[in-house]
Amino acid sequence: MKEIFHSVSLIEERCIGCTKCLMNCPVEAIRIKNGKAVIYNEKCIDCGECIRVCPYGAHVSKGNSLNDTEGYKIKVLIPSVTLYPQFGQEINPEEINKALLSLGFDEVFDITFACDVKAEILKKEITKVEKPAISTLCPSIIRLIEKDFPSLNDHIVKMLTPIEISAALIREKYCKMGYKENEIGIFFLTPCPSWITKIKELKYNEKIGFDGAIAISEVYPKLLKVLNKTSNKTYRKISKTGLLWSFSGGQSQAIGIDNFLAVDGIKNVIKLFNDVEKGKIKDVDYIEAYACTRGCLGGLFLIENPFNAERIAKKIIANGEFSYNVELHDEFQSKFAREDILKVNLKFADDFESAVKMIKNMNKIINMLPGTDCGLCGSPSCRAFAEDVVKGLANLNDCKFIKNGGE
Amino acid sequence: MQELLSVKYDVESGDFIRGGEASSSIKKLLQQLGIKADIIKRICVACYEAEMNIVIHSYGGYIEAKIFNNKVEIIAKDRGPGIENIDLAMKEGYSTAPEYAREMGFGGGMGLPNMKKSCDEFYIDSKMGEYTEVRMVVYF
Ligand SMILES: Nc1ncnc2c1ncn2[C@@H]1O[C@H](COP(=O)(O)OP(=O)(O)O)[C@@H](O)[C@H]1O
Ligand code: SF4
Ligand SMILES: [Mg+2]
């Protein structure tokens, strides 16, 4: 059994139990217990919505700091493609990469190469799965599927994301050069908590093996300081097609597909997946899905407004003349294949009979509740409360509005 | 075999907005029971088609899911107008769906055939002017 990690956590002293996160969590993973928010690990998908809505800064997600990169013989940084449109339209990606290098890394890997590789792989792979093919680089969406939509498994393209492909390529390269595993430090510069979690999980994967994730917001001020006075050492150009991967809809453009849906925002994704599951979305070839508004440019750790960042990204793309034009090798397919999605079981009990009993009981309780979803009991809805009660996670008398004669 | 649990949802004629909610609720129930994902998928597709047929073709009705130890039974029953020729209705591509429903992507005439394909047992019965009843069984 794979262990479930999370990067979103609560600073208890800051939480006043206001119910904002309770009511806004898209997967009902939060409860208020004794006046403080509690995140249920098996439900949380690390989308970071609670961090966005908390007025008191009580929900946080902590990545690595630059100090954590000390102690490796070789330090490689993989910047997310979302980094490049964060500095206005005057600053070239090459300048940004140079600036990153000056923060103490031996190599700044060009993730747009991995994006171009992935695009080539996808062109072939999406024809092999059930239509509509679903491909996502968003770990929150993967977790959502594992938990609530495991039956979509046959639609999912099981290939690594550009981020993982980058790490695999870097590890392979430096291992070949004679470095030992533990001498190579690979760090992802992330736009979101979702990837902090994912990278913790990948620490134990020997093929990919990340050593940490640093939030873009963490290095942003340092980058601003060095951006203009970096050396005039030239740095190679990034790929314009790779940069397409930063916003919702860009992937499809990179693959050259026009019969696609690009859906962003976790609630919209849930709605669409519900429709796919019912067989309602028939004539679509491809779906790209993101937890954040407008895709990864809406990531929590980014500075620029996502809509403006998208405009800037499109400018950089329009002015760019370079693409890797990757040639597809058959070995890519096996090398960058991903294991099956984990199917999280939502069952109430291990044996069928007990599950039936609990559900009957839950339905009885639902009928006793007012159905107003007031949240005062500490659960996000009357239904969720009834579920909590039968699971022994809440007390029936936590609800002050039980209907008369409910018993 | 004894019925362990049942849930029932009203389905209204012409309600394209809420149409599909019964299927979603039944899916959730099956997940809570620990039914395997591929089986849930089959039930979900069949149940949704039956539900939408009530919305599109009938005066309204209900969807009921009965849980047994080894199977689930889905019953979709409405209050008419009934199906005149069931053999014809079961043909792939046959549809009398109105234009507005076709524009919304319904009315491909594949609903009933797909329901039959998705289930282990499929029964349909109808009386003109009275009802149409579809009963589908999937074994766990
Ligand atoms: N519940 C129902 N009540 C009356 N007629 C129905 C009902 N369900 C199906 N039919 C008839 O059977 C035809 C075929 O149904 P179906 O295979 O689901 O295709 P579609 O719904 O796309 O028309 C419908 O067009 C309709 O004439
Ligand atoms: S959409 Fe992108 S930025 Fe947002 S959580 Fe998913 S991977 Fe992270
Ligand atoms: Mg139909």
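The values are calculated or read from the model by the stated rules, or taken from the named source; none is laboratory data. Worth saying up front: this structure is predicted, and the values here are computed from it rather than measured. Cβ sites come from the backbone with ideal geometry, for glycine too, and all protein chains shown count toward neighbours. To get the accessible areas, we keep the full protein, side chains included, count just its heavy atoms, and leave off ligands, DNA and RNA. Shrake-Rupley method; radii C 1.70, N 1.55, O 1.52, S 1.80 Å.
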Give the residue that is nearest to ligand 3 (Cβ to nearest atom), with candidates limited to residues of segment B:118-140 that are within 14 Å of another protein chain (Cβ to nearest Cβ) and either more than 16 Å from the chain's Cα centre (by Cα) or more than 19 Å from B:Ile63 (Cα to Cα) (or both).
-> B:Tyr139
Please work out which residue is farthest from ligand 3 (Cβ to nearest atom), limiting yourself to segment B:66-88 and to residues that are touching a residue at least 40 places away in the same chain (Cβ under 8 Å) and among the aliphatic types (A, V, I, L, M).
-> B:Ile67
Residue by residue through segment A:137-152, note down the ones that are more than 10 Å from chain B (Cβ to nearest Cβ) and either polar (S, T, N, Q) or within 16 Å of ligand 1 (Cβ to nearest atom) (or both).
-> A:Ser140
Which members of segment A:271-304 meet the condition of being of a type outside the set (Asp, Glu), within 14 Å of another protein chain (Cβ to nearest Cβ) and part of a loop (DSSP other than H, G, I, E, B)?
-> A:Lys278, A:Gly279, A:Lys280, A:Ile281, A:Lys282, A:Val284
Members of segment A:335-386 found to be β-branched (Val, Ile, Thr), within 12 Å of chain B (Cβ to nearest Cβ) and not in a loop (DSSP other than H, G, I, E, B), listed by number = A:Val356, A:Ile359, A:Ile366
Number of positions in segment A:320-334 that are in contact (Cβ under 8 Å) with a residue 40 or more places away in the chain and open to solvent by 50 Å² or more (accessible area, probe 1.4 Å) = 6
If we keep just the residues of segment B:1-32 that are at the interface with another protein chain (Cβ under 9 Å from one of its Cβ atoms) and closer than 23 Å to A:Val344 by Cα, which is surrounded by the most Cβ atoms within 10 Å (Cβ to Cβ)?
-> B:Ser23
Check segment A:203-211 and report whether any residue there is open to solvent by less than 10 Å² (accessible area, probe 1.4 Å) and on the phi < 0 side of the Ramachandran plot.
-> yes
Which listed residue, of B:Lys91, B:Lys41, is in contact with a Pro (Cβ under 8 Å, 6 or more places away or on another chain), free of Cβ contacts under 8 Å to residues at least 24 places away in the same chain and either within 14 Å of ligand 1 (Cβ to nearest atom) or of a type outside the set (A, V, I, L, M, F, W, C) (or both) = B:Lys91
Of the criteria (1) hydrophobic (A, V, I, L, M, F, W, C); (2) more than 19 Å from B:Leu29 (Cα to Cα); (3) open to solvent by 30 Å² or more (accessible area, probe 1.4 Å); (4) in a loop (DSSP other than H, G, I, E, B), which one A:Phe307 fails = (4)
Breaking point among (1) part of a loop (DSSP other than H, G, I, E, B); (2) open to solvent by 30 Å² or more (accessible area, probe 1.4 Å); (3) within 30 Å of A:Met358 (Cα to Cα); (4) in contact (Cβ under 8 Å) with a residue 40 or more places away in the chain, for B:Ile35 | (2)
Do any helices (runs of 4 or more DSSP H) entirely within segment B:63-140 hold 1 or more residues that are among the β-branched types (Val, Ile, Thr) and away from ligand 2 (no atom under 16 Å from the Cβ), and if so, which?
-> B:86-89
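Let's see how each residue does on (1) under 19 Å from B:Gln31 (Cβ atoms); (2) surrounded by fewer than 18 Cβ atoms within 10 Å (Cβ to Cβ); (3) among the basic types (Lys, Arg):
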position: A:Glu353; (1), (2), (3): yes, yes, no
position: A:Ile359; (1), (2), (3): yes, no, no
position: A:Cys374; (1), (2), (3): no, yes, no
position: A:Cys377; (1), (2), (3): no, no, no
position: A:Leu393; (1), (2), (3): yes, yes, no
position: A:Lys403; (1), (2), (3): no, yes, yes
Taking A:Thr127 as the residue in question, decide whether it is closer than 18 Å to A:Ser334 by Cα and without any contact (Cβ under 8 Å) to a residue 24 or more places away in the chain.
-> yes
Kindly indicate which of A:Gly71, A:Gly57 is over 24 Å from A:Glu387 (Cβ atoms), away from ligand 2 (no atom under 16 Å from the Cβ), out of contact with any strand residue (DSSP E or B) (no Cβ under 7 Å at 6 or more places or on another chain) and open to solvent by 70 Å² or more (accessible area, probe 1.4 Å).
-> A:Gly71
Got at least one residue in segment A:136-143 being polar (S, T, N, Q), surrounded by fewer than 22 Cβ atoms within 10 Å (Cβ to Cβ) and without any contact (Cβ under 8 Å) to a residue 12 or more places away in the chain?
-> no
Candidate set from segment B:110-140 (those that are among the small types (Gly, Ala, Ser) and surrounded by 18 or more Cβ atoms within 10 Å (Cβ to Cβ)); member that is farthest from ligand 1 (Cβ to nearest atom) | B:Ser118
Does segment B:94-109 hold any residues that are of a type outside the set (Val, Ile, Thr), more than 12 Å from chain A (Cβ to nearest Cβ) and within 11 Å of ligand 1 (Cβ to nearest atom), and which are they?
-> B:Tyr94, B:Ser95, B:Ala97, B:Pro98, B:Ala101, B:Arg102, B:Gly107, B:Gly109
Extreme residue, nearest to A:Cys25 (Cα to Cα), among residues of segment A:377-407 that are in contact (Cβ under 8 Å) with a residue 40 or more places away in the chain and hydrophobic (A, V, I, L, M, F, W, C) = A:Ala384
Some residue of segment A:74-97 being closer than 15 Å to A:Ile170 by Cβ and open to solvent by 20 Å² or more (accessible area, probe 1.4 Å) | yes
